[in-house]
Amino acid sequence: MRAVMPLILCPPRRDRPMPKSKSKRRRYQPPPRKKPKPSPRWFGIAILTAMFLGVAFIVLNYLNLMPGFTLFGFTVSSETNNFWLFGGLGLIAAGFLASTQWR
């Protein structure tokens, strides 16, 4: 009968510790971001005012209740006046854009 040599599955131990695997290492975490300051109370009131004024401009324009005016020497009648329509749409858009900055 022959003697069977045992298989060595582990490398020989040394005095230095086993290195940690890459998944166990801590990754760099940047410091947490500071919270932005809350918006002042007047900012929300300004947003709502702009949006409601824009809606009022559009509704009153379609009801022909907005006055005509003179611009650069040209008289613009109230029936063909799109100035109030575009002004109302601009106010609504400004209110919407300002609302994206609300905190």
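The values are calculated or read from the model by the stated rules, or taken from the named source; none is laboratory data. Here the structure is a predicted model, which is why all the values come from computation and not from measurement. Quick reminder, even Gly has a Cβ in these numbers, built from the backbone with ideal geometry, and neighbours come from all protein chains shown.
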>> For the stretch 35-54, give me each residue that is assigned to a helix (DSSP H, G or I) and hydroxyl-bearing (Ser, Thr, Tyr).
In response: Thr49
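Looking only at the stretch 29-47, count every residue that is free of Cβ contacts under 8 Å to residues at least 60 places away in the same chain and surrounded by fewer than 12 Cβ atoms within 10 Å (Cβ to Cβ) and tell me the total.
To start, the set of residues in the stretch 29-47 that are free of Cβ contacts under 8 Å to residues at least 60 places away in the same chain comprises 29-35, 40-47.
Add one more test, that the residue is surrounded by fewer than 12 Cβ atoms within 10 Å (Cβ to Cβ), and what stays is 29-35, 40-42, 45.
Adding up the residues that qualify gives 11.
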>> Pairs needed: first member in the stretch 79-103, farther than 22 Å from Lys37 by Cα and of a type in the set (A, V, I, L, M, F, W, C); second member anywhere, part of a loop (DSSP other than H, G, I, E, B) and modelled with pLDDT under 95; C-beta distance under 6 Å; at least 6 residues apart or different chains.
In response: Trp84/Met66
> Which members of the stretch 48-65 meet the condition of being surrounded by fewer than 19 Cβ atoms within 10 Å (Cβ to Cβ) and among the small types (Gly, Ala, Ser)?
Replying inline: Ala56
